[in-house]
1. For the residues 13, 299, 170, what sequence is obtained by ranking on other C-beta atoms within 10 Å, fewest first?
2. Which of (1) 6, 21, 20, 11, 8, 10, 10, 8, 5, 1; (2) 7, 29, 36, 22, 6, 0; (3) 5, 24, 34, 26, 9, 1, 0 is the computed P(r) over Cα pairs in 10 Å bins from 0, in percent for the structure on display?
3. May I ask for the distance between the Cα centers of the range 1-43 and the range 180-212, given as a whole number of Å?
4. Modelled label-to-label distance, residue 282 and residue 115, 7 Å Cα→beta-carbon offset: nm?
5. To the nearest 20 debye, what charge dipole does the chain have about its Cα centre, counting +1 at the Cβ of each Lys and Arg and -1 at the Cβ of each Asp and Glu?
6. What FRET efficiency do you get for residue 231 and residue 6 if R0 is 22 Å and r is their Cβ-Cβ distance, rounded to the nearest 0.05?
7. Among 149, 247, 46, which one moves the most in a GNM of the chain with springs linking Cα atoms closer than 10 Å?
8. Anyone know which of 116, 262, 169 comes out most mobile in the 10 Å Cα GNM of the chain?
Amino acid sequence: MEAWIVITVAAAFLQNLRSALQKHLRSSLGTTGASFVRFGYGFPIAAVYVFVLQYVVGFALPNLNGAFAFWAVVGGLAQIFATILLVHLFSLRNFAVGTAYSKTEPVQAALFGLIILGERLTPGAVGAIIVGVFGVMLISVARTPLSWANLVRAMTGQTALIGIASGAIFGISAVAYRSASLALGGPNAIMQAAVTLACVTAFQTVFMLAWMVLRDRAEIGKVARSWRSSSLVGLAGVLGSACWFTAMTLQQVAYVRALGQIELVFTFAASVFLFRERINRLELAGCLLIVTGVVLLLFL
């Protein structure tokens, strides 16, 4: 089994864990604060990760350049806005369905990857992604009578549009991160991903902290007081991001994000066992379609 596959599954699990912890934080923090903690509490861990790779493992630091800086900033800003939309989405529908809407990202990431990096997909990969996205669409109408009219309404309502927008911006972010990591040119995928992660989280921390100072100073105090739970979000977030960045350095973004839809399996487990939310048959069927798409992606 290729390394990027194992790394992506680990990333999906850690991302689901981070999202679940962020949902708990929404009871004590606002949308901005709950979004900030993954960056603010994650940056020190990312910095330590680079330190260990350089001074313990012995990897050399790559040379930073203008192309890297540009794509790191684009990816960092896109991820901030996408995260804010996703956290807001959790307050509109249940955890599993909210996450499902954002999982239209692989199709959009494939488009952005073609436009920005000129990366094309095989016909089998395109089919696998379509199967997975159809599963997402099925989940989106699982709480209404199944019909084409309800499907259209579900995909054009406020919740759907916010989720799809979140997925699109996450897609831009992912392609930008791959571009930034590849711009470093070495010494290896692990160190390239680690340096990209550390630089991006540093930028995101400064940007969001400045935003809160200007627009919502009270939220800074709430973030500081919630350091115990927030540090867990930061840890899960930075570990997940390290896996995502490494996988996207090794493989095209669309493939990585399509396999990453396996997160919805973890999401439904969290929704049922952690948040005590009920999942119906259509949501389960949608989840199975997503898994089918993942299997097709790996073996076609």
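1. Details: 13 18, 299 8, 170 24.
Ranking 13, 299, 170 by Cβ neighbours within 10 Å, fewest first, gives 299, 13, 170.
2. So the calculated entry is the one marked (2).
3. Their Cα centres are 16 Å away from one another.
4. For residue 282 paired with residue 115, the spin-label model returns 3.1 nm.
5. On the way: 19 positive and 8 negative charges, 160 e Å.
It comes to approximately 760 debye.
6. Working: r = 26 Å, r/R0 = 1.20.
For residue 231 and residue 6, the calculated efficiency is 0.25.
7. Of 149, 247, 46, the most mobile in the Gaussian network model is 149.
8. For the chain, modelled as a Gaussian network with Cα springs under 10 Å, the answer is 116.
Here, each number is a calculation from the coordinates, and none is a lab measurement. Bear in mind the structure is a predicted one, so any value in this text is a computation, not a measurement. No Cβ is skipped: glycine too gets one built from the backbone with ideal geometry, and neighbour counts run over all protein chains shown.
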